[in-house]
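Engineer: Can you read through this structure? Questions will come right after.
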Amino acid sequence: MLKNSLNQQDKIADVDLTAYSCSEAEVTEMEFRMLPLERVFPNPNQPRKVFDKQALDELAQSIRENGVLQPVLVRSIGDRYQIVSGERRFRASKLAGARTIPAVVRKLDEKQTLLAGLIENIQRQDLNPIEEAKTLKDILLNYGMTHDQLAEKIGRSRSALTNRLRLLQLPAEIQDLVISGKISSGHAKMLAGIKDPLEIKTWTKLIIKDQMSVYEIEKRMAQSRAQQSAGTVVKKGKSAMNRDLHVRAVEDNLQELLGARVRIRQGKKSGRIEIEFYSREDLERVVETMVSLCP
């Protein structure tokens, strides 16, 4: 019983502090303390917003039996301590009736605090896809990081980062379904590739109604596109269809090269290319990438 409880809490509460890339000087500024719970408070900008009640109850029971096995990470603000990572352990400790909690106190600014919380939650897969995407966007907008820099920091490829950010373009009600787990991140990624909001909602209803897997919905979408293409041949002719396919291929190639969402708007006599960016630094990154591609 004790061994199982210990293993469970290790799995839930394990934190790798080395993931935050501390220098030797920063490590010397770390300090371990037993802090009164009333002097510890959550970070309002914590990436994670949803906490499973059953999981909290189970962790609280483990803490009653064994205590908190891994310290929370906090930073000092006045005479109180703001949680950088470990809010679930903090919440479970309160449920367990504990008066103190083991903590590592470290000097961190706002940017470092947000990054540390994001990295921990990503490593432990605690964030839902929308929480993660919103936090990534906040970092890009508010802390002057490029897509490349942030992708390297969190251990993701630039394209994976871009795909995650695209989820924020989904209608709000679809994002809510992702948060609640009614549709998966794989489903959401596919839906984010659709331009028409009504079409997105139609596919979403089908996913939920028929409990379709990502593979199944991908197959159905491919069949639908093939049928639409066949209808286009009748209405517009084969050459028009080929032009549309060519435009989509160019969009895909540009998105891969630039690490940004690209849309080609084609009119009868002219057109335009739209490239999305999330901050001034991200715009500069896109421009630098375009310049580097020029002979």
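The values are calculated or read from the model by the stated rules, or taken from the named source; none is laboratory data. Keep in mind that what you see is a predicted model, and the values were worked out from it rather than measured. Cβ sites come from the backbone with ideal geometry, for glycine too, and all protein chains shown count toward neighbours.
Engineer: Quick check on the stretch 241-248. Is at least one of its residues surrounded by 11 or more Cβ atoms within 10 Å (Cβ to Cβ), farther than 16 Å from GLU199 by Cβ and at pLDDT 75 or above?
Structural biologist: Checked the stretch 241-248: no residue is surrounded by 11 or more Cβ atoms within 10 Å (Cβ to Cβ), farther than 16 Å from GLU199 by Cβ and at pLDDT 75 or above.
Engineer: Considering ILE174, ILE139, which residue is under 24 Å from GLY117 (Cβ atoms) and aliphatic (A, V, I, L, M)? Give the steps one after another, and end with the answer.
Structural biologist: On the way: ILE174 fails: under 24 Å from GLY117 (Cβ atoms).
None of the other options fit; the residue is ILE139.
Engineer: Then there's this: Of the residues that sit in the stretch 83-112 and are touching a residue at least 60 places away in the same chain (Cβ under 8 Å) and hydroxyl-bearing (Ser, Thr, Tyr), which one is surrounded by the fewest Cβ atoms within 10 Å (Cβ to Cβ)?
Structural biologist: THR100
Engineer: Only one of these is among the basic types (Lys, Arg), surrounded by fewer than 18 Cβ atoms within 10 Å (Cβ to Cβ) and closer than 14 Å to PHE41 by Cβ: ARG80, ARG75. Name it.
Structural biologist: Of ARG80, ARG75, the one residue that is among the basic types (Lys, Arg), surrounded by fewer than 18 Cβ atoms within 10 Å (Cβ to Cβ) and closer than 14 Å to PHE41 by Cβ is ARG80.
Engineer: Just wondering, is there one or more residues in the stretch 165-176 that are part of a helix (DSSP H, G or I), free of Cβ contacts under 8 Å to residues at least 60 places away in the same chain, closer than 23 Å to LYS53 by Cβ and within 13 Å of the chain's Cα centre (by Cα)?
Structural biologist: Looking through the stretch 165-176, at least one residue is part of a helix (DSSP H, G or I), free of Cβ contacts under 8 Å to residues at least 60 places away in the same chain, closer than 23 Å to LYS53 by Cβ and within 13 Å of the chain's Cα centre (by Cα).
Engineer: Is there a residue being closer than 29 Å to GLY181 by Cα, exposed (fewer than 15 other Cβ atoms within 10 Å of the Cβ), in contact with a Phe, Trp or Tyr (Cβ under 9 Å, 6 or more places away or on another chain) and modelled with pLDDT under 85 anywhere in the stretch 41-55?
Structural biologist: Just the residues of the stretch 41-55 that are closer than 29 Å to GLY181 by Cα, to begin with: 41-55.
If we keep only those that are exposed (fewer than 15 other Cβ atoms within 10 Å of the Cβ) as well, we get 42, 44-45, 49-55.
Then keep just the ones that are in contact with a Phe, Trp or Tyr (Cβ under 9 Å, 6 or more places away or on another chain); that gives 42.
Applying the additional criterion that residues be modelled with pLDDT under 85 yields none.
Scanning the stretch 41-55 turns up no residue that is closer than 29 Å to GLY181 by Cα, exposed (fewer than 15 other Cβ atoms within 10 Å of the Cβ), in contact with a Phe, Trp or Tyr (Cβ under 9 Å, 6 or more places away or on another chain) and modelled with pLDDT under 85.
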